[in-house]
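Participant: Got a structure for you, questions after.
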Amino acid sequence: LPAAAYALVTEQRFPAEKKPTMVMLHEALILAEKLLTDNFYGGREPGFADYMTYPFMERIWIWTHE
């Protein structure tokens, strides 16, 4: 997920790369959703993975909104 988010930021300079970047982001989000088996990645309480992915989840709308 962080790699896909970083690709979104860097593709702002290269608009032709947007479609492959969006495909990579969707694949990363699908994988993240499959790994989420409870309220948080760490189980019933937030853990390290939750705190590390939260900033990316909050900013995805900003980067993908047209």
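Participant: Suppose the filter is within 21 Å of Thr64 (Cβ to Cβ) and either of a type in the set (Gly, Ala, Ser) or touching a residue at least 40 places away in the same chain (Cβ under 8 Å) (or both); does Ala49 pass it? Before the answer, list the steps.
Facilitator: On the way: within 21 Å of Thr64 (Cβ to Cβ): no; either of a type in the set (Gly, Ala, Ser) or touching a residue at least 40 places away in the same chain (Cβ under 8 Å) (or both): yes.
The answer is no for Ala49.
Participant: Within segment 4-21, restricting attention to residues that are surrounded by 10 or more Cβ atoms within 10 Å (Cβ to Cβ) and of a type in the set (Gly, Ala, Ser), which residue is nearest to Thr53 (Cα to Cα)?
Facilitator: Ala5
Participant: Please verify whether Ala16 is part of a helix (DSSP H, G or I) and under 14 Å from the mean Cα position of the chain (by Cα), treating the condition exactly as stated.
Facilitator: Numbers: part of a helix (DSSP H, G or I): yes; under 14 Å from the mean Cα position of the chain (by Cα): no.
Spelling it out, it is not the case that Ala16 is part of a helix (DSSP H, G or I) and under 14 Å from the mean Cα position of the chain (by Cα).
Participant: Just checking, how many residues over segment 22-34 are within 21 Å of Tyr51 (Cα to Cα) and surrounded by 11 or more Cβ atoms within 10 Å (Cβ to Cβ)?
Facilitator: Looking only at segment 22-34, we keep the residues that are within 21 Å of Tyr51 (Cα to Cα), and these are 25-34.
Add one more test, that the residue is surrounded by 11 or more Cβ atoms within 10 Å (Cβ to Cβ), and what stays is 25-29, 31-32.
Here the count works out to 7.
Participant: Only one residue in Glu17, Glu33 is touching a helix residue (DSSP H, G or I) at 6+ places or on another chain (Cβ under 8 Å), among the charged types (D, E, K, R) and farther than 12 Å from Thr64 by Cβ, so which one is that? I'd like the intermediate steps shown before the answer.
Facilitator: Details: Glu33 fails: touching a helix residue (DSSP H, G or I) at 6+ places or on another chain (Cβ under 8 Å).
Of the residues listed, the single one that is touching a helix residue (DSSP H, G or I) at 6+ places or on another chain (Cβ under 8 Å), among the charged types (D, E, K, R) and farther than 12 Å from Thr64 by Cβ is Glu17.
Participant: Run down Thr10, Thr64, Thr53 and say which single residue is of a type outside the set (A, V, I, L, M, F, W, C), within 9 Å of the chain's Cα centre (by Cα) and on the phi < 0 side of the Ramachandran plot.
Facilitator: Details: Thr10 fails: within 9 Å of the chain's Cα centre (by Cα); Thr64 fails: within 9 Å of the chain's Cα centre (by Cα).
Criteria check complete, one pass: Thr53.
Values in this text are rule-based calculations from the coordinates and carry no lab data. Everything quoted here is computed from the prediction, not taken from an experiment. Note that each Cβ is placed from the backbone with ideal geometry, even for glycine, and that neighbours are counted across all protein chains shown.
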